[in-house]
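Chemist: So that we are looking at the same thing, I have put the structure below in structure tokens.
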Amino acid sequence: MKTTRSNQQATFIDEAKIAATLASARACDASQVREILAKAREMKGLAASDMATLMENNDPGLLEEMYATARHVKDEIYGNRLVLFAPLYISNLCHNECLYCAFRARNKELLRRTLTPEEIANETSILIEQGHKRVLLVSGESYPEEGFDYVLKAIETVYSTRSGRGEIRRINANVAPLSVEDYKRLKAAKIGTYQCFQETYHRGTYAAVHVAGTKRDFDWRVTCFDRAMQAGIDDVGIGVLFGLYDWKYEVLAMKQEIEHLEGAFGVGPHTISVPRIEPAVGSTLAYAPAHPVSDGDFKKIVALLRLAVPYTGIIMSTRENAATRRATFELGVSQISAGSRCDPGGYAASADGHNSEQFQLGDHRSLDEVVRDVAALGYTPSFCTACYRLGRTGADFMDLAKPGLIKHHCAPNALSSCMEYLLDYAKPETRKVGESLVARELETMEPSVQEIGRRLVTEVQEDKRDVYV
């Protein structure tokens with residue numbers, strides 16, 4: 001099906017307004033910061049001016065207060081669970097020339113590969129055998145001769161693949177912007193969240209780093225969620241690639257898009273991703289980003305987003321190393337990838353380094369190692385997909401998330417899905433650490449939620465699978 005482009009303009013991204021907001025926040029004092037943090041504790045979000053003030057704060061003591069507030073908000077809404085998933089790359093074909101990406105069309109150093117249905121099924125089986133239940137399907141922005149049908153058939157293949165007692169229960173999708181008609185087809189394929197990154201909201205920078213291909217069309221990309229929502233996809237995931245432009249501008253522009261979606265459709269994004277540029281074969285810009293984001297500012301970004309958009313899940317990928325990922329868990333992150341490969345066929349390959357990856361990874365640990373680490377830190381590794389399958393998406397999810405009620409569903413489901421992993425896939429040491437975590441969590445739950453949690457965990461221990469509320 002040929003994609004029909006609209007002429008919709010992204011007037012909701014107002015560069016002048018962002019500049020004025022940042023300029024007005026240059027001078028702030030401790031009382032202002034604490035007033036904003038008190039507001040953030042009400043879990044109703046923050047205005048752009050409040051965000052700008054917190055961006056300018058570099059006082060160590062006030063930063064710790066900001067991080068403590070982020071921990072509080074994250075715990076009140078999501079509890080201490082961390083949802084785990086893996087990306088599944090099916091193709092690195094691309095017609096775009098994005099200077100930061102190894103998949104760019106003119107990159108002769110990249111080994112091009114498009115997986116066959118049999119190869120997709122094999123990659124899926126490997127992920128299932130590791131213990132994964134949720135994948136993010138990723139493709140370069142060009143497809144084989146069959147066009148977008150290739151993606152739809154890949155989704156069908158993943159869902160139909162079984163290995164032992166396991167299966168992938170939910171596929172999220174990161175693919176190029178589509179027409180309303182094709183978004184309807186994507187929804188019919190029963191995806192969870194549709195994810196698309198703007199990369200940068202700054203028009204000048206966007207034009208400079210996207211030098212060829214349909215991705216050069218800033219407005220077509222930034223309005224993709226309008227079309228997705230119109231097609232009935234009410235769970236969307238946004239993000240920028242930090243390092244292309246000033247991070248302060250990007251965060252405020254992201255807030256403008258969130259406000260636009262809330263105003264137009266009554267619901268904001270389900271997730272926000274915060275990738276930083278990593279080295280990529282054949283892409284010099286990726287080795288020397290124009291606006292590198294320090295580890296300190298990166299932590300500030302995560303905490304700030306948690307306070308500004310408290311109901312939204314924050315995703316931390318394996319672009320970052322293990323230490324950086326750990327540091328952001330308590331600041332607001334609620335979803336993490338684990339055991340990742342960012343190239344087609346990467347899970348079947350014995351090692352990285354065969355020049356088909358989109359970028360270099362920072363965390364090379366296996367899923368089992370990540371689960372053990374997460375549990376040892378006191379977080380519940382969750383493989384739950386219940387909300388998608390019960391229709392708790394879009395506005396229905398937000399109605400539970402905004403007042404902090406979603407964790408009453410998520411906490412028991414997280415424990416049962418964690419126990420399922422521990423019994424079916426975990427190594428002995430991981431199982432020991434995980435079972436201790438599950439026992440502690442059950443003891444600290446509120447009585448009404450505890451009863452549900454104990455029932456679900458017991459059902460898994462009695463050999464039932466895929467139990468949830």
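Each value in this text was obtained by applying a stated rule to the coordinates, not by laboratory testing. Nothing here was measured: the structure is a model prediction, and the numbers come from that model. Cβ atoms come from the backbone with ideal geometry, glycine included; neighbour counts cover every protein chain shown.
Chemist: Kindly state, to the nearest 0.05, the FRET efficiency for His72 paired with Glu145, given R0 = 60 Å and r defined as their beta-carbon distance. Spell out each step's value before the answer.
Modeler: Numbers: r = 53 Å, r/R0 = 0.88.
Given R0 = 60 Å and the Cβ-Cβ separation, E is 0.70.
Chemist: OK, next. Any chance you could run the full-extension gain for Ala323 through Arg34? It's 0.36 nm times the residue separation minus the Cα-Cα distance, nm to one decimal.
Modeler: 101.2 nm
Chemist: Local charge sum around Phe103 (other residues, Cβ-Cβ under 14 Å, Lys/Arg +1, Asp/Glu -1)?
Modeler: Here the charged neighbours net out to -1.
Chemist: Hey, which lysines would be in cross-link range of Lys187, C-alpha to C-alpha under 17 Å, not counting anything within fewer than 8 residues on its own chain?
Modeler: Lys153
Chemist: When the gyration tensor of the stretch 1-93 is built from Cα positions, what are the square roots of 5 times its three eigenvalues, in whole Å, from largest to smallest?
Modeler: They are 33, 24, 13 Å, listed from largest to smallest.
Chemist: With θ set to phi - 60°, apply the Karplus curve 6.51 cos²θ - 1.76 cosθ + 1.60 along the stretch 305-317 and write out the HN-Hα couplings as whole Hz, x wherever there is a Gly or Pro.
Modeler: In residue order, the calculated couplings are 5, 4, 6, 6, 10, x, 7, 8, x, 10, 9, 10, 8 Hz.
Chemist: Okay, next question. Evaluate Rg over Rh across the stretch 222-351, taking Cα atoms for both radii and Kirkwood's formula for Rh.
Modeler: Across the stretch 222-351, the Cα-based Rg/Rh ratio is 0.98.
Chemist: Now for a different question. What share of the DSSP beta bridges in the chain is antiparallel, in percent to the nearest 5?
Modeler: 15
Chemist: Go ahead and collect, in residue order, the members of the stretch 157-194 whose backbone nitrogen is under 12 Å from a label point 7 Å along the Cα-Cβ direction of Gln230.
Modeler: 178-184
Chemist: Consider just the alpha-carbon atoms of the chain and return their Rg together with their Dmax, both in angstrom.
Modeler: Reported Rg and Dmax, both Å: 21.2, 61.
Chemist: Students often forget the sequence filter, so: which aspartates and glutamates lie under 17 Å Cα-Cα from Lys184 once same-chain residues fewer than 8 apart are removed?
Modeler: Output for Lys184: Asp149, Glu156, Asp226, Asp234, Asp235.
Chemist: Further question on the same structure: Report the one residue of Val309, Phe218, Gly391 whose Cα lies farthest in the direction of the positive end of the charge dipole of the chain (charges on C-beta: Lys and Arg +1, Asp and Glu -1; origin at the Cα centre).
Modeler: With unit charges placed on the Cβ atoms, the residue in question is Gly391.
Chemist: Further, regarding this structure: Normalised by the residues of the chain, what does the relative contact order come to in percent, with Cα pairs under 8 Å and at least six apart?
Modeler: 21
Chemist: Sticking with this one: Placing +1 at every Lys and Arg Cβ and -1 at every Asp and Glu Cβ, with all other atoms neutral, what dipole size does the chain have around its Cα centre, in debye to the nearest 20?
Modeler: Computed about the Cα centre, the dipole is about 360 debye.
Chemist: Less than 12 Å Cβ to Cβ from Val460, Lys/Arg counted +1 and Asp/Glu -1: what total charge do the surrounding residues give?
Modeler: Surrounding charge for Val460 is -2.
Chemist: Oh, and also: Please work out how much length the chain gains when fully extended from Ala264 to Gln461, using 0.36 nm per residue of separation minus the C-alpha to C-alpha distance, in nm with one decimal.
Modeler: 66.4 nm
Chemist: When the chain is fully extended, how far beyond the present Cα-Cα distance does Gln9 get from Asp295, taking 0.36 nm per residue of separation?
Modeler: Extending this stretch completely gives an extra 99.5 nm.
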